[in-house]
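First up is the structure itself, then whatever we jot down about it.
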Amino acid sequence: MKSFLQCLAIATLAAFCVCGAQAAESQKIRVMLVTGGHGFEQKQFFQLFETNSEIAVRAVEHTNMATWLKAPAANNYDVIVLYDMGLEISDEMKNDFIARLKDGKGLVVLHHAICSYQKWPEYRRIVGGRYYLDRDVVDGVQKEPSSYQHGRHFEIHVADPIHPVTDGVHDFEIHDETYKGFDCTEDVHPLLTTDDPESSKVIAWSKTYEKARVVFIQSGHDHTAWDNPNYQRLVRQAIRWTFNGGSQSSH
């Protein structure tokens, strides 16, 4: 009898642990992480997300993104993180992308993902800005090609220290690639700025689009940025804030 009770206790404890683990996993923020169209250090980049205990990550190649934007597949994630660079997008994919934002899916756009879909004006409105690969005209205004500089060491200033994305982050230095000449729309809320002469002034912002909360962070070219604790915190808190958005207030 004693042996039976011991076995029963062990089985009950094991079941409890399994249920507890499943419950903890179900409480994680489910992230669809989209990459492709631009080279990057894969191992170090994915580690940035795998070490985030708050999230469960599903890595998706840009070429498969259209499938995951469909309504049934979208039930498997809460936040979309873009680190891809896609230039072509079908009308069907555009509609599905917007539909997911209307559902309240969070959107975090990192680094070169601001370059995507140059010929789709709505993407600029969704993200809150655009890096121009070529000369263009937007709302009657001539836009010259944007530029970039590898290996810049510069200081980043926190524009809004009380925003949930920048909470606990203070002005810091980073070694990263800068973008210059990209624009941001009037509805963005600046989060980070820099005075580096090879960069645009505002380099991170928050906004809303339909029911979605959106965050853009310009930094993040390679491991020198990803290893920076401040960058790690910004990405982690951007995911958390966009997930908690839904139809709530934007700023």
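The values are calculated or read from the model by the stated rules, or taken from the named source; none is laboratory data. Keep in mind that this is a model prediction, so the values were computed, not measured. Cβ placement follows ideal geometry from the backbone for every residue including glycine, while neighbour counts extend to all protein chains displayed.
So for segment 163-173 (the condition being of a type in the set (D, E, K, R), closer than 23 Å to Glu122 by Cβ and touching a strand residue (DSSP E or B) at 6+ places or on another chain (Cβ under 6 Å)), does at least one residue qualify? Lay out the reasoning, then the answer.
Of all residues in segment 163-173, those of a type in the set (D, E, K, R) come to 167, 171, 173.
Keeping just the survivors that are closer than 23 Å to Glu122 by Cβ gives none.
No, segment 163-173 contains no residue that is of a type in the set (D, E, K, R), closer than 23 Å to Glu122 by Cβ and touching a strand residue (DSSP E or B) at 6+ places or on another chain (Cβ under 6 Å).
Any residue that is without any contact (Cβ under 8 Å) to a residue 60 or more places away in the chain, at positive phi and over 16 Å from the mean Cα position of the chain (by Cα) - is there at least one of those in segment 104-118? Taking every residue of segment 104-118 in turn, at least one turns out to be without any contact (Cβ under 8 Å) to a residue 60 or more places away in the chain, at positive phi and over 16 Å from the mean Cα position of the chain (by Cα). Among the residues of segment 235-251, is any in contact with a Phe, Trp or Tyr (Cβ under 7 Å, 6 or more places away or on another chain), closer than 21 Å to Phe40 by Cβ and touching a residue at least 24 places away in the same chain (Cβ under 8 Å)? No, the conditions are met nowhere in segment 235-251. Across segment 142-194, the number of residues qualifying as aromatic (Phe, Trp, Tyr) and either more than 19 Å from the chain's Cα centre (by Cα) or over 16 Å from Tyr132 (Cβ atoms) (or both) comes to 3.
Across segment 136-154, the qualifying residues are those that are under 17 Å from Thr185 (Cβ atoms) and part of a loop (DSSP other than H, G, I, E, B), and the one among them that is modelled with the highest pLDDT is Ser146.
For the subset of segment 225-242 comprising residues that are touching a strand residue (DSSP E or B) at 6+ places or on another chain (Cβ under 8 Å) and among the hydrophobic types (A, V, I, L, M, F, W, C), which member is surrounded by the fewest Cβ atoms within 10 Å (Cβ to Cβ)? So, considering only residues that are touching a strand residue (DSSP E or B) at 6+ places or on another chain (Cβ under 8 Å) and among the hydrophobic types (A, V, I, L, M, F, W, C), the one surrounded by the fewest Cβ atoms within 10 Å (Cβ to Cβ) is Trp241.
When segment 167-186 is limited to residues that are farther than 13 Å from Ser200 by Cα and touching a helix residue (DSSP H, G or I) at 6+ places or on another chain (Cβ under 7 Å), the one that is modelled with the lowest pLDDT turns out to be Thr185. Screening segment 1-89 for helices (runs of 4 or more DSSP H) wholly inside it with 1 or more residues that are at pLDDT 95 or above returns the ranges 42-50, 65-68, 71-74. Can you find, within segment 110-156, the residue that is surrounded by the fewest Cβ atoms within 10 Å (Cβ to Cβ) among those that are over 26 Å from Met93 (Cβ atoms) and touching a Phe, Trp or Tyr at 6+ places or on another chain (Cβ under 9 Å)? Step by step, filter segment 110-156, then rank; the result is Glu144. In summary, Glu122 fulfils each of the numbered conditions (1) acidic (Asp, Glu); (2) part of a helix (DSSP H, G or I); (3) in contact (Cβ under 8 Å) with a residue 40 or more places away in the chain with the single exception of condition (3). Every condition in (1) out of contact with any Gly (no Cβ under 8 Å at 6 or more places or on another chain); (2) farther than 29 Å from Pro145 by Cα; (3) at pLDDT 95 or above; (4) not charged (D, E, K, R) is met by Gly104 except one, and the failing one is (1).
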